[in-house]
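What follows is a single structure, written as structure tokens, with notes after it.
The values are calculated or read from the model by the stated rules, or taken from the named source; none is laboratory data. Every value quoted in this text rests on a predicted model; they were computed, and no experiment measured them. Quick reminder, even Gly has a Cβ in these numbers, built from the backbone with ideal geometry, and neighbours come from all protein chains shown.
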Amino acid sequence: ARVVVLISGSGSNLQALLDASTDPAYGVQVVAVGADRAGIAGLDRATAAGVPVFVDPLKAYPDRQEWDRALAAHVAEYKPDLVVSAGFLKLVGPHFLAAFGDRYLNTHNALLPAFPGIHGPRDALAYGVKIAGATLFFVDAGVDTGPIVAQVAVPVLDDDDEETLTERIKVAERRQLVEQVGRLAREGWTITGRKVTIP
Ligand code: GRF
């Protein structure tokens, strides 16, 4: 399957996908990496792996709608079967969702529907939950609300701070992302209401 990955940061999830995709049996070809900002480590990882990159900063467009259209057009150029948001910090708009809504995956570092938004681990710690984790889901028009593909749990330890919990979640999150993206790529999927089925 052809996969486009969208990133905004360090790209450790991207790296895990790039590493896995060197094995043809994995069934995933990362055909492009897109970002909403230049100068991030994730873009260097893509280039080092020989994968084409593109950058669409929101502020390069007159408004959000134009940005949304441009991003969708750039992604479409690579004819992806699946688009993976791996630490991509922008919410896409209606145009992007119309084009890729049933094949746009996001990984979130909390056990949804708890702690949506950009501070999953911090919010989980502040609440005092004893189990945290990561959620892989298909993006819909809400914030972290789409149909869930998989979740993985990790313990919250008494002496955790935001950094240690974030790191423990990321390790499990990466493993889950690699496993599930491979499964989706090789076997396909259907979405019925909130239910994702992998045959
Ligand atoms: C992931 O933990 C994701 O859930 C969060 O940002 C992290 C991305 O990290 N939103 P990286 O860029 O893949 O290293």
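Scanning region 110-126 turns up at least one residue that is under 22 Å from LEU14 (Cβ atoms), at pLDDT below 95 and of a type in the set (A, V, I, L, M). Scanning region 46-79 for residues that are under 22 Å from SER10 (Cα atoms), touching a strand residue (DSSP E or B) at 6+ places or on another chain (Cβ under 8 Å) and outside any strand (DSSP E or B) gives ALA46, THR47, ALA49, VAL51, PRO52, ASP56, LEU71, HIS74, VAL75.
None of ALA172, ALA185, ALA153 is of a type in the set (A, V, I, L, M), modelled with pLDDT of 95 or more, surrounded by fewer than 17 Cβ atoms within 10 Å (Cβ to Cβ) and not in a loop (DSSP other than H, G, I, E, B) except ALA153.
In region 1-13, how many residues are outside any loop (DSSP other than H, G, I, E, B), near the ligand (Cβ under 6 Å from one of its atoms) and not polar (S, T, N, Q)? Give the derivation first.
First, the residues of region 1-13 that are outside any loop (DSSP other than H, G, I, E, B): 2-7, 12-13.
Keeping just the survivors that are near the ligand (Cβ under 6 Å from one of its atoms) gives 7, 12-13.
Imposing the further condition that a residue be not polar (S, T, N, Q) reduces the set to 7.
Result for region 1-13: 1.
Residue under question is ALA110, and the condition is that it be surrounded by fewer than 17 Cβ atoms within 10 Å (Cβ to Cβ) and either away from the ligand (no atom under 16 Å from the Cβ) or in a loop (DSSP other than H, G, I, E, B) (or both); does it hold?
Details: surrounded by fewer than 17 Cβ atoms within 10 Å (Cβ to Cβ): no; either away from the ligand (no atom under 16 Å from the Cβ) or in a loop (DSSP other than H, G, I, E, B) (or both): yes.
So ALA110 does not fit the description; no.
Could you grab me the full set of residues in region 22-37 that are within 15 Å of the ligand (Cβ to nearest atom) and not in a strand (DSSP E or B)?
Keep residues of region 22-37 that are within 15 Å of the ligand (Cβ to nearest atom), which gives 30, 33-37.
If the condition is that a residue be within 15 Å of the ligand (Cβ to nearest atom) and not in a strand (DSSP E or B), then ASP36, ARG37 are the ones that fit.
Condition check ((1) without any contact (Cβ under 8 Å) to a residue 40 or more places away in the chain; (2) surrounded by fewer than 20 Cβ atoms within 10 Å (Cβ to Cβ)) across all residues:
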{"residue": "ALA72", "(1), (2)": "yes, no"}
{"residue": "LYS90", "(1), (2)": "no, yes"}
{"residue": "HIS95", "(1), (2)": "yes, yes"}
{"residue": "ALA126", "(1), (2)": "yes, yes"}
{"residue": "GLY146", "(1), (2)": "no, no"}
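Among the residues examined, ALA172 qualifies as within 11 Å of the ligand (Cβ to nearest atom) and not polar (S, T, N, Q). Any residue at all in region 55-75 that is closer than 15 Å to LEU17 by Cα and within 16 Å of the ligand (Cβ to nearest atom)? No, region 55-75 contains no residue that is closer than 15 Å to LEU17 by Cα and within 16 Å of the ligand (Cβ to nearest atom).
In region 37-68, which residue that is in contact with a helix residue (DSSP H, G or I) (Cβ under 6 Å, 6 or more places away or on another chain) and of a type outside the set (A, V, I, L, M) is surrounded by the most Cβ atoms within 10 Å (Cβ to Cβ)? Spell out the reasoning first.
Pass one, region 37-68, residues in contact with a helix residue (DSSP H, G or I) (Cβ under 6 Å, 6 or more places away or on another chain): 42, 45, 49, 53-54, 56, 58, 61, 67-68.
Those still in the list that are of a type outside the set (A, V, I, L, M) too: 42, 45, 54, 56, 61, 67-68.
Numbers: GLY42: 25, ARG45: 21, PHE54: 18, ASP56: 20, TYR61: 15, TRP67: 22, ASP68: 23.
Among them, the one singled out is GLY42.
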